[in-house]
Amino acid sequence: MKESVTVEKFRELFKTRDSVAAEWKKAGNKVVGCVSTYTPEEIIYAAEALPVEVMCRAETFSKADAYLPSFACSFMRGFLEVLLEERYGYLDLLTLPSLCDSSRGFYGIWKQISDKPYAYLLHYPTNRSEEASEYFAEEIERFKNFMEDFVGKNVSEKDLRNAIDVYNENRRLLKKLYWLRRKESPPISGVEALEVVLSSMTTPKNLHNQLLERLLREITEREDYPEGGVRLLVSGHIVDDPDVLKVIEDSGGIIVSDDLDSGSRYFWNLVDSEAKPIEGISRRYIRIPSPYGSPIKDRINYLKLMVKAFHVEGIIFLTRKFCEPYLFDYVTLGQAVKEEGIPSLYLEYEYPLARGALKTRVEAFVEMLR
Ligand code: SF4
């Protein structure tokens, strides 16, 4: 399939993310590694540092296994492995939201074995009350103070408002791109959409916004529309390798929407730009429907909304091996979508991908939906 140059541009950006970060550093700025979906990137941006999502794709865990038990999730084992391999030697700082036992465990271990990069734990609330929002706002304020010391720059209200505008713009543009996938023939495949979002998580947002505007002008004119197929939605954690979705789309499905940390959940909600900046940021980040403290009904409603809006025929739940939060939620989510008459398939994976086995299961699911 011939590709549009502009879609290719996002793929390239994602693939060359290390050089993008290196360029940023060369200009004398700091680079901050994140689990971006839940790290308020606006603070990092306002402090003139570059937030980049750390991609944890590791096929072996020879270094990480010296510190983590083999039943720790493959995401965190991969995270530790890539850091110990110094694949992210350019990071000045690592921010970690306390989302689950594995992320908290990772933080404790990293503190014992290294301070390069220095790790900062952001305490993410485990419920969605007004008090939780206030608590998280205080936590974000502390993080802002820390960033100010770290980069040696005062972050003013104006800086924060500017960061909110730039990030909201990126979210609006990504949402526009996603809405195009509601069409009977979506102009962008699930793999390509993932590449666009992943590149947003690793590229300076101003540049990404400019490219997205161009993509939106050109995408519907492309001559090489993706092949159609059964309309699928994928639900799960961060998918940091587009190959995972490629296996699905090579099996007769087209992914038209998602409920992923590296997909719609990264940008669906905006920060209320009328609110006080820190409060607005806090509310936005704790409203992401996730397994880290959201009432399960929020996740169910979000899935239903996506299924309806994007004319989804089947859901694939994608879980990293030994990922407890998603495994626990899956029981209720799977039941809820069944009651709605939406067929679903549960897939667990780790790297290296067991392509053959995954493909066989997706093909059988797609065949059933046909
Ligand atoms: S959410 Fe799951 S995959 Fe992610 S760090 Fe926690 S246990 Fe691991």
State the number of residues belonging to segment 110-119 that are buried (at least 16 other Cβ atoms within 10 Å of the Cβ) and over 21 Å from the mean Cα position of the chain (by Cα).
-> 2
Which of (1) touching a helix residue (DSSP H, G or I) at 6+ places or on another chain (Cβ under 7 Å); (2) more than 13 Å from the ligand (Cβ to nearest atom); (3) within 16 Å of CYS34 (Cα to Cα); (4) touching a residue at least 60 places away in the same chain (Cβ under 8 Å) is the odd one out, the single condition LEU96 does not satisfy?
-> (2)
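Find the helices (runs of 4 or more DSSP H) located wholly in segment 1-89 whose residues include 2 or more that are at pLDDT 90 or above and surrounded by fewer than 23 Cβ atoms within 10 Å (Cβ to Cβ), and list them.
5-15, 17-26, 74-84
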Is segment 241-253 home to any residue that is in a loop (DSSP other than H, G, I, E, B), out of contact with any Asp or Glu (no Cβ under 8 Å at 6 or more places or on another chain) and under 25 Å from ARG17 (Cα atoms)?
-> yes
For GLU48, state whether it is away from the ligand (no atom under 11 Å from the Cβ), in contact with a strand residue (DSSP E or B) (Cβ under 9 Å, 6 or more places away or on another chain) and farther than 29 Å from PRO352 by Cβ.
-> no
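One line per residue, one yes/no per condition, for (1) of a type outside the set (D, E, K, R); (2) over 19 Å from TYR266 (Cα atoms); (3) at pLDDT 95 or above; (4) away from the ligand (no atom under 16 Å from the Cβ):
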{"site": "GLU169", "(1), (2), (3), (4)": "no, no, yes, yes"}
{"site": "TYR225", "(1), (2), (3), (4)": "yes, yes, no, yes"}
{"site": "LEU233", "(1), (2), (3), (4)": "yes, no, yes, yes"}
{"site": "ASP240", "(1), (2), (3), (4)": "no, no, no, no"}
{"site": "GLU249", "(1), (2), (3), (4)": "no, yes, yes, yes"}
So, first residue free of Cβ contacts under 8 Å to residues at least 60 places away in the same chain and within 19 Å of TYR292 (Cβ to Cβ) in segment 100-112, second residue within 13 Å of the ligand (Cβ to nearest atom) and hydroxyl-bearing (Ser, Thr, Tyr), Cβ within less than 9 Å, six or more apart or across chains; the pairs are ARG104/SER98; TYR107/SER98
Some residue of segment 168-177 being farther than 24 Å from ARG17 by Cβ and of a type outside the set (A, V, I, L, M, F, W, C) = no
Would you be able to say whether some residue in segment 121-133 is within 16 Å of the ligand (Cβ to nearest atom), under 15 Å from ILE43 (Cβ atoms), crowded, with 20+ Cβ neighbours inside 10 Å and touching a residue at least 40 places away in the same chain (Cβ under 8 Å)?
-> yes
Scan of segment 307-364 for residues that are under 19 Å from the mean Cα position of the chain (by Cα) and of a type in the set (D, E, K, R), ordered by number | ARG320, LYS321, GLU324, ASP329, GLU348, GLU350
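Out of all the residues in segment 283-298, which are assigned to a helix (DSSP H, G or I) and hydroxyl-bearing (Ser, Thr, Tyr)?
Hit for segment 283-298 is TYR285, nothing else.
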Test for ILE296: is it in contact with a Leu (Cβ under 9 Å, 6 or more places away or on another chain) and surrounded by fewer than 16 Cβ atoms within 10 Å (Cβ to Cβ) | yes
Pairs with Cβ under 9 Å, 6+ apart, first in segment 274-297 and free of Cβ contacts under 8 Å to residues at least 24 places away in the same chain and closer than 24 Å to VAL166 by Cβ, second within 14 Å of the ligand (Cβ to nearest atom) and of a type in the set (Val, Ile, Thr) = none
All positions within segment 308-341 that are within 18 Å of GLY252 (Cα to Cα) and away from the ligand (no atom under 16 Å from the Cβ) = PHE310, HIS311, VAL312, GLU313, GLY314, ILE315, ILE316
Could you tell me whether any residue of segment 261-282 is part of a helix (DSSP H, G or I), crowded, with 23+ Cβ neighbours inside 10 Å and either touching a Leu at 6+ places or on another chain (Cβ under 6 Å) or of a type in the set (A, V, I, L, M) (or both)?
-> yes
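Consider segment 141-168. How many of its residues are surrounded by fewer than 20 Cβ atoms within 10 Å (Cβ to Cβ) and part of a helix (DSSP H, G or I)?
Let us first name the residues in segment 141-168 that are surrounded by fewer than 20 Cβ atoms within 10 Å (Cβ to Cβ), namely 141-142, 145-146, 148-154, 156-159, 161-162, 165-166, 168.
From the residues that got through so far, the ones that are part of a helix (DSSP H, G or I) too are 141-142, 145-146, 148-151, 157-159, 161-162, 165-166, 168.
Residues flagged as surrounded by fewer than 20 Cβ atoms within 10 Å (Cβ to Cβ) and part of a helix (DSSP H, G or I) within segment 141-168 amount to 16.
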Could you tell me whether any residue of segment 280-302 is out of contact with any Phe, Trp or Tyr (no Cβ under 8 Å at 6 or more places or on another chain), at pLDDT 95 or above and within 15 Å of the ligand (Cβ to nearest atom)?
-> yes
Under the condition of being aliphatic (A, V, I, L, M) and in a helix (DSSP H, G or I), which residue from segment 342-360 is farthest from ILE248 (Cα to Cα)?
-> ALA357
Residue that is surrounded by the most Cβ atoms within 10 Å (Cβ to Cβ) [pool: residues in segment 215-233 that are part of a helix (DSSP H, G or I) and acidic (Asp, Glu)] = GLU218
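The values are calculated or read from the model by the stated rules, or taken from the named source; none is laboratory data. Worth saying up front: this structure is predicted, and the values here are computed from it rather than measured. For neighbour counting, all protein chains shown are included, and Cβ atoms are generated from backbone atoms with ideal geometry for every residue, glycine included.
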